[in-house]
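The values are calculated or read from the model by the stated rules, or taken from the named source; none is laboratory data. Given the structure is predicted, the values throughout are model-derived calculations rather than measurements. Glycine also receives a Cβ, built like all others from the backbone with ideal geometry; neighbour counts cover every protein chain displayed.
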Amino acid sequence: MIETDSARKVYNEDVVAVGDVSLTVEEGDFVSVLGPSGCGKSTLLFMLGGFIEPTSGTITVNGEQVTEPDPSRGMVFQESVLFPWMTIKENITWGMKVLGVDEDERDRTAEEYIEMIGLDGFQDAYPNSLSGGMKQRAAMARVLAVNPAVLLMDEPFGALDAQTREKMQHELLDIWSQTGQTCVFVTHSIDEALYLSDKVVVLGSRPSSVEAVIDVGEHFDRPRAPEVRESETFTDLRQQIWDMIEDEVTV
Ligand code: ADP
């Protein structure tokens with residue numbers, strides 16, 4: 001469904017942020033892009049979203065070249081960008097309103113997603129009165145409500161504490177199992193990538209390019225219980241990836 005063919009991004013004529021990345025993401029797959037800070041994960045994701053144009057190479061979604069952002073590709077960021085002057089429900093219905101969805105359907109869809117993300121009773125609250133995890137859930141609901149075919153997530157749980165992060169990972173899998181969207185998820189956490197994904201794309205940074213694609217789905221069925229992280233296979237895969245990127249991590 002998503003294909004990058006030698007996609008490359010050079011900033012300021014000499015910073016190779018993404019170097020000739022060729023990737024295929026199958027429809028309905030959950031793919032994580034993993035790698036140390038600065039290896040070009042966000043730049044790659046922004047190119048998939050159509051926010052950044054590749055310097056060379058091509059990116060296609062469903063056979064069509066990506067040239068600009070489109071509502072069919074929803075994006076969730078690390079710091080949620082809810083409108084502070086709108087209630088949670090207004091935030092969630094905003095995208096649908098822009099797309100011309102009628103009010104009854106907007107209300108129905110908002111209710112459905114508010115329930116799905118566990119924010120029942122908070123539809124009339126303002127973002128500032130919610131915790132970080134709740135805000136991030138609402139931001140996710142706002143993107144999901146327009147039913148994008150592709151969900152692009154840039155370290156969406158990176159700003160959350162460890163416990164909330166684990167809970168959100170579990171919830172994301174739950175939501176994804178209901179929506180079946182094609183997901184590309186950027187993270188620098190090996191555990192997070194392994195737990196969530198069908199495939200993990202490991203990016204190296206010298207130069208930024210694909211080091212390996214790990215087929216996690218081959219090892220773990222779905223639905224996945226959090227305990228899968230304690231298994232021997234998980235530990236082996238974690239070590240395998242760590243060995244690949246260890247030299248590039250600066251502490
Ligand atoms: P990651 O998401 O893996 O941390 P980024 O995609 O943010 O990596 O950045 C990759 C490289 O490109 C880094 O060296 C970063 O400094 C550089 N870079 C990112 N954005 C810009 C920009 N707008 N202008 C110049 N260099 C940039």
Completion exercise
Taking segment 1-27 and the residues there that are within 22 Å of S197 (Cβ to Cβ) and hydroxyl-bearing (S, T, Y), the one that is farthest from the ligand (Cβ to nearest atom) would be T24
Handout entry: Identity of the residue in segment 41-63, closer than 11 Å to R8 by Cα and of a type outside the set (A, V, I, L, M, F, W, C), that ends up surrounded by the most Cβ atoms within 10 Å (Cβ to Cβ)
Key = T43
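Looking only at residues in segment 68-92 that are among the hydroxyl-bearing types (S, T, Y) and at pLDDT below 95, which one is surrounded by the fewest Cβ atoms within 10 Å (Cβ to Cβ)?
Among those residues, the one meeting the criterion is S72.
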Practice task
Answer yes or no as to whether V33 is more than 16 Å from the ligand (Cβ to nearest atom), under 16 Å from the mean Cα position of the chain (by Cα) and of a type in the set (A, V, I, L, M).
Solution key: no
Exercise for the section: Report yes if some residue within segment 124-138 is within 23 Å of E111 (Cα to Cα), of a type in the set (D, E, K, R), in contact with a helix residue (DSSP H, G or I) (Cβ under 9 Å, 6 or more places away or on another chain) and not in a helix (DSSP H, G or I); otherwise report no. Expected result: yes
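Would it be correct to say that S189 is within 16 Å of the ligand (Cβ to nearest atom), surrounded by fewer than 19 Cβ atoms within 10 Å (Cβ to Cβ) and under 26 Å from V143 (Cβ atoms)? Break it down into steps so the answer makes sense when it comes.
Details: within 16 Å of the ligand (Cβ to nearest atom): yes; surrounded by fewer than 19 Cβ atoms within 10 Å (Cβ to Cβ): yes; under 26 Å from V143 (Cβ atoms): yes.
Yes.
For segment 49-69, which residues satisfy the criterion of being hydrophobic (A, V, I, L, M, F, W, C) and more than 12 Å from the ligand (Cβ to nearest atom)?
If the condition is that a residue be hydrophobic (A, V, I, L, M, F, W, C) and more than 12 Å from the ligand (Cβ to nearest atom), then I59, V61, V66 are the ones that fit.
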